[in-house]
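Reviewing the structure listed below.
Here, each number is a calculation from the coordinates, and none is a lab measurement. Because the structure is a prediction, the values reported are computed rather than measured. Cβ placement follows ideal geometry from the backbone for every residue including glycine, while neighbour counts extend to all protein chains displayed.
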Amino acid sequence: MRKPKSPQMRNISVLLSLLFLLLNLSLLSASSCKDKSPLRMVSGSGCFKIALFADLHYGENAWTDWGPAQDVNSDVVMSTVLDSEKPDFVVYLGDVITANNIAIQNATLYWDKAISPTRKRRIPWASVFGNHDDMYFEWPSEWFSATGIPQVNCPLSSISYSGSEPCTFRGTTRVELMKTEIANNNLAYSLNGPRELWPGVSNYVLQLLSSDGTKPALLMYFLDSGGGTYPEIISYAQAQWFENQSQLINPNSKIPEVIFWHIPSTAYSQVAPKPNSVIAKPCVGSINKESVASQEAEWGIMDILTARPSVKAVFVGHNHGLDWCCPYRSLWLCFARHTGYGGYGSWPRGARIIEVTENPFTLKSWIRMENGSTHSDVTLSS
């Protein structure tokens, strides 16, 4: 027979429960001004599946036939992945749109089109920015020939916008894109991050609860790796923000953590297989067709991540011709898979899938292709 708890121990247990509740409420209240259900492991299976959609590049050359056609093809890829895998959550891993090729003021209309396959299936999602999402419009030189500027029309969308001239060549900021996504979608768990981290915007953390809802099972950090209207970089301030947040939320590193951003850090170049070579163990993947296009500098984020045993993996996009995962010190560095028909490269499209299991904790990943096949299975928690 177990010895009854003393009054002091009961008080400590109550205090810890209250602290956990307050932490949970603070994270959820930060996620949106609207009420959202907490993310949690699926009851019964104790699993949680995430699909990563990287480099969709919606909105390219909307004044041509091929531009809108490739967006339709991207819809098909996402629909195939979503219907095959039936994920519990989706991460839009940057370069959702190609803003420098979108000749309208309100690029949120193309952003809305890109997230529509996920929203249609009532699957929650979160997003981070890539280097193309808020780029300034690049005027095609041929528009200044005798043919002139073509007629530009706004795409149909389920969202509304203000302003008497929605189709002007102004561009749309990161803040506007994020605010519109959050305001118009109850399933969006994305956040406008702390003001002190701007011009980076998509800096936030989401908590995944256990299947019984009593404790955190996973922490998902999202960081804005820049590009577009400012340098391609994760700043020192962002690195310090992550360190402070992780120490506050997970001081003993007992809760597993995964990280999402768009542009690979310089650490990816250190572990990358030689371009066009066979991907050999311990790396796992199927395409290795280019060199890593990394951030411009490293300001401490990787040292902080590798010092935390709770950090299991970092997931990025950006390089369309890479889909490998390689170990780096105490964690894994993974590319997603080029999902969209926009952007460069003709390699078959697909999406990286992540599966989290709680008892015992495991983190597995594989690639689901547009033709329905899967490959490159890897365990990231060992």
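Seen through its C-alpha gyration tensor, with square-root eigenvalues sorted a ≥ b ≥ c, the range 257-296 comes out oblate because a/c lies at 1.5 or above while a/b is not bigger than b/c.
Between V175 and H375, residue separation times 0.36 nm minus the direct Cα-Cα distance comes to 68.3 nm.
Charge tally around S365: other residues with Cβ under 14 Å, Lys/Arg +1 each, Asp/Glu -1 each, net +2. Rounded to the nearest 0.05, the FRET efficiency derived from the C-beta distance between V278 and E298 at R0 = 35 Å is 0.80. Using a simple spin-label model with pseudo-atoms 7 Å out from Cα toward Cβ, K86 and V42 lie 0.6 nm apart.
Using Cβ point charges alone (K and R +1, D and E -1), the dipole size of the range 38-379 about the Cα centre works out to roughly 1020 debye. Here the calculated FRET efficiency for N252 and R195, from their Cβ-Cβ distance with R0 = 30 Å, stands at 0.55, rounded to the nearest 0.05.
Work through the residues other than D212 whose Cβ is under 14 Å from its Cβ and net out their charges, Lys, Arg +1 and Asp, Glu -1. Every neighbour counted, the sum reads +1. For the range 288-327, the gyration tensor built on C-alpha atoms gives an oblate shape. Its axis ratio a/c (a ≥ b ≥ c) is at least 1.5, and a/b is not larger than b/c. Gain on full extension, evaluated as 0.36 nm per residue between N359 and S286 minus their Cα-Cα distance, stands at 23.3 nm. Between S145 and N73, the FRET efficiency estimated from the beta carbon spacing at R0 = 35 angstrom works out to 0.75. Given the pairs K254/K281; K120/K364; K36/K364; K86/K179; K281/K312; K49/K113, which are separated by over 21 angstrom at their Cα positions? With Cα atoms farther than 21 Å apart: K254/K281; K120/K364; K36/K364; K86/K179; K49/K113.
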